[in-house]
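A short write-up of the structure that comes next.
What follows is calculated from the coordinates using simple rules that are stated; it is not laboratory data. Please read these numbers as outputs of a predicted model, since none were measured by experiment. Reconstructed Cβ throughout: ideal geometry from the backbone, glycine too, with neighbour counts over all protein chains shown.
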Amino acid sequence: MKTIIQTNQLTKSFRHETAIHPLDFTLQQGEICALIGKNGAGKSTFFKMLSGQILPSSGDIALFGQSGKDCGLSRKRIGFIVETPTFFPDFTARQNLEYFRIQRGIAEKKQIQRVLEIVGLAQEKKKKFEQYSLGMKQRLGLALCLLGNPDCLILDEPINGLDAEGIKEIRELLFRLNREQQITILISSHILSELSLLATRFLFIKQGTIIEDISSETLHEKSKKQLKIHTANLSKAVQILERTYPDIDYKVLPDNYLALQNYVDKSQEINRLLVKNEILVDEFRVESLALEDYFLTLEEETNQ
Ligand SMILES: Nc1ncnc2c1ncn2[C@@H]1O[C@H](COP(=O)(O)OP(=O)(O)OP(=O)(O)O)[C@@H](O)[C@H]1O
């Protein structure tokens, strides 16, 4: 498998703070890797270093095996959405792409039709950019990314502000690009439910440090079923459960939720036990741990 991106002890400090602590990261061909972190965790800073918009404070970046000066040439093989691309408002999609095609020295004119077809904007011949919906604007941003026939896409919040239908369209488009054209994708978003449908790998970043790097299979395995209980009397419930099942594995979640990781198959027995001990349970369900919960739990655990 080919390595698309490799960083070695990459760091970035701004005047008053360190945004990225020494970061070692490898992205392999074919992956769809989701970068997940709270506001200010360092996602955009990392992406900007990869795109060459800002320089690292220390460490190396290798793109397609090339580092140093050659890294700049390899960058052409990557399509970036790192900041919302600026288009001319009174140009059509075609005119906007034509401008960027010339600016970037891309010889083949037919690339424009090709990328417009990929993102589903080929029929929009007359509409100007300013008349586009947000979804269309985002798709044009992706078309621009695809103009140079990239092998990899690095997308910072490409589904920001889209409605459910727009999000689904972009997801399906990214799936197609990955499966049919073997395009490797590194993507960030705050819409974790969406990333969980798309990504093959999840990278969690907190205060500039990767706190977890996990494949979707392992995540799925780890996030098997759990028993989620909501009660106002959480401490008493924990006490009784610990007394009855000494090896019980549980997590206390925010807002008076308790998640049991084992004894899930004994849900009826547990329910009866709590009721017998006069613990008022107002929610009791078996569920799969969602990516969102996984992220919040991870954030909490790393606070300790
Ligand atoms: N140009 C800059 N000058 C000073 N500090 C900066 C600069 N750019 C980013 N930072 C700081 O670096 C840290 C990481 O910011 P970054 O934008 O990378 O986070 P993020 O994970 O992309 O957040 P968000 O989800 O809000 O986009 C933040 O504390 C931010 O204030």
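Between the amide H of residue 4 and those of 27, 28, 29, distances stay under 5 Å, these residues lying 5 or more places away or on another chain, with hydrogens modeled in the peptide plane.
Note on 15, 75: ascending count of other Cβ atoms within 10 Å places them as 15, 75, the fewest first. Only the Cβ atoms of Lys and Arg (+1) and of Asp and Glu (-1) were treated as charged; on that basis the dipole of the chain about its Cα centre amounts to roughly 1240 debye.
Extension gain, residue 276-residue 18: 0.36 nm per intervening residue step, less the Cα-Cα distance, totals 87.6 nm.
In the stretch 1-54, inverting the average of 1/r over every pair of distinct C-alpha atoms gives 12.2 Å as the Kirkwood radius. The residue among 32, 42, 56 whose Cα reaches farthest toward the positive pole of the charge dipole of the stretch 27-135, with charges on the beta-carbon of Lys, Arg, Asp and Glu, is 32.
For the cross-link pairs 12/76; 38/251; 69/110; 38/127; 110/137; 2/69, the ones whose C-alpha atoms lie over 27 Å apart are 69/110; 38/127. The residues 49, 1, 136, when put in order of fewest to most other Cβ atoms within 10 Å, stand as 1, 136, 49.
Each 10 Å bin from zero up to the one holding the largest Cα-Cα distance in the chain carries the following percent of pairs: 6, 23, 27, 20, 13, 8, 3, 0.
In whole Å, what is the distance between the alpha-carbon centres of the stretch 255-301 and the stretch 60-78? For the stretch 255-301 versus the stretch 60-78, the Cα centre distance is 48 Å. Residues whose amide H comes within less than 5 Å of that of residue 41, counting only those at least five positions distant or on another chain, are absent (H built at 1.01 Å from N in the peptide plane). Put simply, the amide H of residue 205, placed in the peptide plane, has neighbours under 5 Å in 36, 37, 211, leaving out anything fewer than 5 places away on its chain. Using a Förster radius of 30 Å, what is the FRET efficiency between residue 123 and residue 172 based on their Cβ-Cβ separation? Nearest 0.05, please. That gives a FRET efficiency of 0.95. Note on the chain: GNM, Cα springs under 10 Å; of 133, 216, 188, the largest mean-square fluctuation is that of 133. The Cα-based radius of gyration of the stretch 28-71, divided by its Kirkwood radius, gives an Rg/Rh of 1.00.
Between the stretch 1-44 and the stretch 119-176, what's the alpha-carbon centroid distance in Å? Answer, in whole Å: 24.
If each of residue 86 and residue 160 carries a label point 7 Å out from its Cα toward its Cβ, how far apart are those two points in nm? With each label point 7 Å from Cα toward Cβ, the separation is 1.6 nm.
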